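The values are calculated or read from the model by the stated rules, or taken from the named source; none is laboratory data. The shown structure was predicted, so the numbers you read here are calculated from the model rather than taken from an experiment. Note that we place each Cβ from the backbone using ideal geometry, even for glycine, and neighbour counts take in every protein chain shown. These area figures cover heavy atoms from the full protein model, side chains too; ligands, DNA and RNA do not enter into them. Shrake-Rupley method; radii C 1.70, N 1.55, O 1.52, S 1.80 Å.
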Amino acid sequence: MPPPKDVVKIAIQMVGAIPQLIELQQTKPLSSVLKDVCDAWSLPNAERYALQYADGRQTYITESNRRDIKNGSILRLTTSPDQEAEQLYVGIQSKNVDVKTDSLKKLASLSQDITFAQEFISRNGLKQIYSIVEEGNDTGEMLAHTLKAFTELMEHDFVSWENLSTVFIKKIVSYVNMNAVDASIQQLSLCILENMVPTSHLLFEVVKKEVTLDRLLTHLQATNAQLQLKAMALLIALLLSATDAERRDMIDYLREKNIRQFIHKNIIHSSEPLGDEMAHYLYVLQSVSLNLCEHRMKMSMDPYSQEQRDLLQSLRQTAFESESEAPAGTFSTERRRSLCAKEFRKLGFMNNSNPAEDLRRAPPGLLALDNMVYFSRNTPNAYSRFVLENSSREDKHECPFARSSIQLTLILCEILHIGEPCSETAQAFYPMFFGQDHFFEELFCICIQLVNKTWKEMRATQEDFDKVMQVVREQITRTLNLKPTSLELFKTRVNALNYSEILKLRQTERLHQEETLAVPVLELREKLKPELLELIRQQRLLHLCEGTLFRKISSRRRQDKLWYCRLSPNHKVLHYGDVEEGVQSPPIESLPEKIPVADMKMLLVGKECPHTKEKSSGKQNKDVLELAFSIVHDVEEYCLNFIAPTRYEFCLWTDGLNVLLGKEMTSERTQTDLDVLLSMELKLRLLDLENISIPDDPPPIPKPPSNLNFCYDFSQAEQ
């Protein structure tokens, strides 16, 4: 008979004593439980002791988290958090170097626990840490432990970052700016500044002023991967907290220092694999850089702006330079206006008498004009060839340069998500972005020539404009999905993906997606579904048995600790626990926490999850909401919260958990997998019927014969 829900069977250890096996009554006050445990070992003053987990993060057991204790948990009797905090508070002030170092080391470890952190901070412990840093007498290992303890204590958000003194901040900054400082201290200092920057504009200004971009670039070019990562984290924090003007200046300065080329060569193409955090920072750097185009993208052309009109006129003059060389007095004003209108029509403007009207639509606004001017000035031969080749055609097959450029700019803005806020979790960046200055403009130059090429391949007319641009969008998207490492490689691949190749790909995909709609095939499809759904269920459970590495996302830092979760081979228990960076697939025995599948009540996703509601005070991130799910177990208020690393993992885990709960699999991945499996199975089953048309209706069953004399009577034959 299983034990009651309020009773948990656990083991309690103590150094030098035989472990106790007890049944923990969850309704019994924790102080009474501690007294019973201490009495069993004849220990006085039970109030001086506490229980904590023996494995993992060794969290203290409190009234608020005691319900997380599972059957089979191993706890340890140890000094209570308030006693420990008092001892360490005294220890870090010791004149004995060894005592002080050991105290700071233990403080750095225990500060991860929220109960201990609260006790230590309540004793004004942070003031002592400030003093150690501000006095600057301690260096090396002692200072590293101090900074680590400070970082962990501040992580609990009991104290505002704005309370830090100027002396303390400058001391942290000095560790970043000095050369002769241990790398571990510089990493911790960069981490502290990174956490400090987003909390207030004042702190952002202080850090931006004290830590120069040159210094950050020095750390970014270090051989130490962790130092490189922390430097990139601070750089991204500064960029995200800056105003638009400050951000533009910072990006321009980074361009001058060729930081993109360094990232492309030494980080993206490094011999070491790119970590998730660095991939995210590169995505943010790319997104922030491209979003500098947003201002021009949203600005309509002002027909009264002389600068903008000059840019527009430069397009005409570059394309028809020889025709415009006639002296000004040769033509009347009316004749010159007529000539200009004709030339703007040849350029492909819809409103040739007032081409500025074509650029009033925003987006793409002035960004389209900038792209056209860049193309005409940086590749004048290609520009002239494009315009003259099409302006000389009289068969309605001319490709309009200006109209195509405006639409292409809009397409590129949509594909590259210009003007959209950065995701907090995305890692998808384009390696070729970091290998090229003026990436957006250079990409436009390649793609506008692709438009002309595709236009000719499709033998398009003006009525086919939207169809051509749709094909061009598909060519660009498909090529970008291949993640080319350079613009040259992109150019080669996108040009190889001509219109006939697009048609072949579309036809292949259509054949994969479309099923014959004959009634017998539809009936066969329905008959196959249960078997294939069972196959998908088994695959989902197998994936849960293999397990997945999850990241805890804190309120301030994007990604914090790592933890792993996997299903037992018999599908009866979920095992989970914290793991160290670099651990790929920990054995199930190393995961201390467990949830019996029988105790699982329901699955919550998205906004229903408690850990997304906790963060709802800030700007809610759509990506995190799409990846969040929780398992409600025992009683409803206890949940195991997840944020999946990818949408694919989210689908597999939510499906697998629904299978364990005896519910239907509801993710979009289930439908995709089912469609693929059905398509393959149907094609195999119908292989012998290739080129044979299947009628919509089954052939009619003939009428019974008038007599059955043709049947052979076996009974008479036996006699």
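The residues in segment 76-106 that are under 24 Å from Pro592 (Cα atoms) and crowded, with 18+ Cβ neighbours inside 10 Å can be counted, and the count is 5. For segment 622-634, the count of residues that are assigned to a loop (DSSP other than H, G, I, E, B) and at pLDDT below 90 is nonzero. The criterion of at least 3 residues that are in contact (Cβ under 8 Å) with a residue 24 or more places away in the chain is met by the following strands (runs of 3 or more DSSP E) wholly inside segment 1-75: 7-13, 49-53.
When residues in segment 455-507 are screened for being loosely packed, with under 15 Cβ neighbours inside 10 Å and not in a helix (DSSP H, G or I), 5 of them pass. Of the residues making up segment 225-280, those that are among the acidic types (Asp, Glu) and within 21 Å of Glu194 (Cα to Cα) are Asp244, Glu246, Asp249, Asp276, Glu277.
For segment 160-175, the set of residues classified as open to solvent by less than 30 Å² (accessible area, probe 1.4 Å) and not in a helix (DSSP H, G or I) consists of Leu164 only.
Of the set (1) in a loop (DSSP other than H, G, I, E, B); (2) exposed (fewer than 14 other Cβ atoms within 10 Å of the Cβ); (3) at pLDDT 90 or above, all apply to Met299 but (2). Kindly indicate whether Tyr253 is under 20 Å from the mean Cα position of the chain (by Cα) and of a type in the set (Ser, Thr, Tyr). The answer is no for Tyr253. Would you call Glu256 under 24 Å from Leu153 (Cα atoms) and open to solvent by 10 Å² or more (accessible area, probe 1.4 Å)? When the stated conditions are applied, Glu256 does not pass them. Residues of segment 259-284 being open to solvent by less than 60 Å² (accessible area, probe 1.4 Å) and outside any helix (DSSP H, G or I), which ones? Hits for segment 259-284 are Ser270, Gly275.
Please go through segment 356-371 and pick out each residue that is closer than 21 Å to Arg345 by Cβ and among the acidic types (Asp, Glu). Glu357, Asp358, listed by residue number. Residues in segment 331-365 that are assigned to a helix (DSSP H, G or I) and open to solvent by 80 Å² or more (accessible area, probe 1.4 Å) were compared, and the one that is modelled with the lowest pLDDT is Thr333.
Kindly establish whether Ser289 is at pLDDT 90 or above, in the same structural domain as Lys483 (by the TED database), out of contact with any His (no Cβ under 9 Å at 6 or more places or on another chain) and open to solvent by less than 70 Å² (accessible area, probe 1.4 Å). For Ser289, the condition - at pLDDT 90 or above, in the same structural domain as Lys483 (by the TED database), out of contact with any His (no Cβ under 9 Å at 6 or more places or on another chain) and open to solvent by less than 70 Å² (accessible area, probe 1.4 Å) - is not met. Does Leu143 satisfy the criteria of being open to solvent by less than 40 Å² (accessible area, probe 1.4 Å), assigned by the TED database to the domain that holds Gln93 and either touching a Leu at 6+ places or on another chain (Cβ under 8 Å) or touching a residue at least 60 places away in the same chain (Cβ under 8 Å) (or both)? So Leu143 does not fit the description; no. Evaluating Ile61 against the criteria (1) surrounded by fewer than 16 Cβ atoms within 10 Å (Cβ to Cβ); (2) within 24 Å of Ser590 (Cβ to Cβ) leaves one unmet condition, (1). Taking segment 366-399 as the range and being assigned to a loop (DSSP other than H, G, I, E, B) and open to solvent by 10 Å² or more (accessible area, probe 1.4 Å) as the test, the residues that pass are Thr379, Ser392, Arg393, Glu394, Asp395, Lys396, His397, Glu398. Here Leu110 clears all of (1) farther than 27 Å from Gln52 by Cα; (2) under 36 Å from the mean Cα position of the chain (by Cα) except the condition numbered (1).
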